[in-house]
1. Among what's in region 83-102 and is open to solvent by 50 Å² or more (accessible area, probe 1.4 Å) and within 14 Å of the ligand (Cβ to nearest atom), pick the residue that is nearest to Val11 (Cα to Cα).
2. When Asn49 is evaluated against the numbered criteria (1) within 15 Å of Val11 (Cβ to Cβ); (2) part of a strand (DSSP E or B); (3) not aliphatic (A, V, I, L, M), which criterion, by number, is the only one it fails?
3. Tally up the residues in region 5-34 that are within 30 Å of Val89 (Cα to Cα) and surrounded by 15 or more Cβ atoms within 10 Å (Cβ to Cβ), please.
4. Gly105 passes all but one of (1) crowded, with 17+ Cβ neighbours inside 10 Å; (2) within 16 Å of the ligand (Cβ to nearest atom); which number fails?
5. Restricting to region 83-99, count the residues that are assigned to a loop (DSSP other than H, G, I, E, B) and either touching a residue at least 40 places away in the same chain (Cβ under 8 Å) or within 25 Å of the chain's Cα centre (by Cα) (or both).
6. Confirm whether Ala50 is under 16 Å from the mean Cα position of the chain (by Cα), open to solvent by 40 Å² or more (accessible area, probe 1.4 Å), small (Gly, Ala, Ser) and away from the ligand (no atom under 16 Å from the Cβ).
7. For region 65-82, does any single residue satisfy the condition of being outside any helix (DSSP H, G or I), open to solvent by 50 Å² or more (accessible area, probe 1.4 Å), touching a residue at least 60 places away in the same chain (Cβ under 8 Å) and acidic (Asp, Glu)?
Amino acid sequence: MHEGAIAESIVDILRDVKKDNDLEKITYVKLRVGIFSGVMVDALMFALNALKNEEEFIVDTKFEVEEVDVKARCVLCDKVYMFDKTTEVCFLCPQCNMPLEIESGKEMEIAVVEGE
Ligand SMILES: [Zn+2]
């Protein structure tokens, strides 16, 4: 995925939030990024920081990223498996060898926006 484009769409969304809520500036933003989303957090933060300087309303915004682990559920035995950044995600249930369905870890969303 292209982090620059993602950062731009985040800023677009924040601009709408600012307008819709009659805010002068955005002070805090929390993003939730699944470790399986394909988004490189470092690259995203770099792109956001570059954009910050171009936009008055986010120049002082504190961006925070919460990384979401992968949660997968077996389609047969319903067992849930968690994978974090240090473990390799597997796609078959270690117990019954049926496919695992990814329930979280693919998201890229704006979780919290604060402004004034
Ligand atoms: Zn299973």
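1. Taking region 83-102 as the starting set, the residues that turn out to be open to solvent by 50 Å² or more (accessible area, probe 1.4 Å) are 84-88, 91-92, 94-95, 97-99, 101.
Imposing the further condition that a residue be within 14 Å of the ligand (Cβ to nearest atom) reduces the set to 91-92, 94-95, 97-99, 101.
Numbers: Phe91: 34, Leu92: 38, Pro94: 41, Gln95: 44, Asn97: 43, Met98: 41, Pro99: 37, Glu101: 32 Å.
Once the filter is applied, the top-ranked residue is Glu101.
2. Only one criterion is unmet by Asn49, namely (2).
3. Residues in region 5-34 being within 30 Å of Val89 (Cα to Cα) and surrounded by 15 or more Cβ atoms within 10 Å (Cβ to Cβ): 9 in total.
4. The failed condition is (2).
5. Our first condition is that a residue be assigned to a loop (DSSP other than H, G, I, E, B); within region 83-99, this holds for 84-91, 93-98.
Narrowing further to those that are either touching a residue at least 40 places away in the same chain (Cβ under 8 Å) or within 25 Å of the chain's Cα centre (by Cα) (or both): 84-91.
Within region 83-99, residues that are assigned to a loop (DSSP other than H, G, I, E, B) and either touching a residue at least 40 places away in the same chain (Cβ under 8 Å) or within 25 Å of the chain's Cα centre (by Cα) (or both) number 8.
6. On the way: under 16 Å from the mean Cα position of the chain (by Cα): no; open to solvent by 40 Å² or more (accessible area, probe 1.4 Å): yes; small (Gly, Ala, Ser): yes; away from the ligand (no atom under 16 Å from the Cβ): yes.
Against the criterion (under 16 Å from the mean Cα position of the chain (by Cα), open to solvent by 40 Å² or more (accessible area, probe 1.4 Å), small (Gly, Ala, Ser) and away from the ligand (no atom under 16 Å from the Cβ)), Ala50 does not qualify.
7. Keep residues of region 65-82 that are outside any helix (DSSP H, G or I), which gives 65-82.
Within this subset, residues satisfying the condition of being open to solvent by 50 Å² or more (accessible area, probe 1.4 Å) are 66-67, 69, 71, 73, 75-80, 82.
The next check asks that each one be touching a residue at least 60 places away in the same chain (Cβ under 8 Å); those that pass are none.
The answer is no, given that none of the residues of region 65-82 is outside any helix (DSSP H, G or I), open to solvent by 50 Å² or more (accessible area, probe 1.4 Å), touching a residue at least 60 places away in the same chain (Cβ under 8 Å) and acidic (Asp, Glu).
The values are calculated or read from the model by the stated rules, or taken from the named source; none is laboratory data. Just so it is clear, the model here is predicted, and its values are computed rather than measured. All Cβ positions, glycine included, derive from the backbone under ideal geometry; neighbour counts span all protein chains shown. Surface areas here come from the heavy atoms of the whole protein model, side chains and all, with no ligands, DNA or RNA. Shrake-Rupley method; radii C 1.70, N 1.55, O 1.52, S 1.80 Å.
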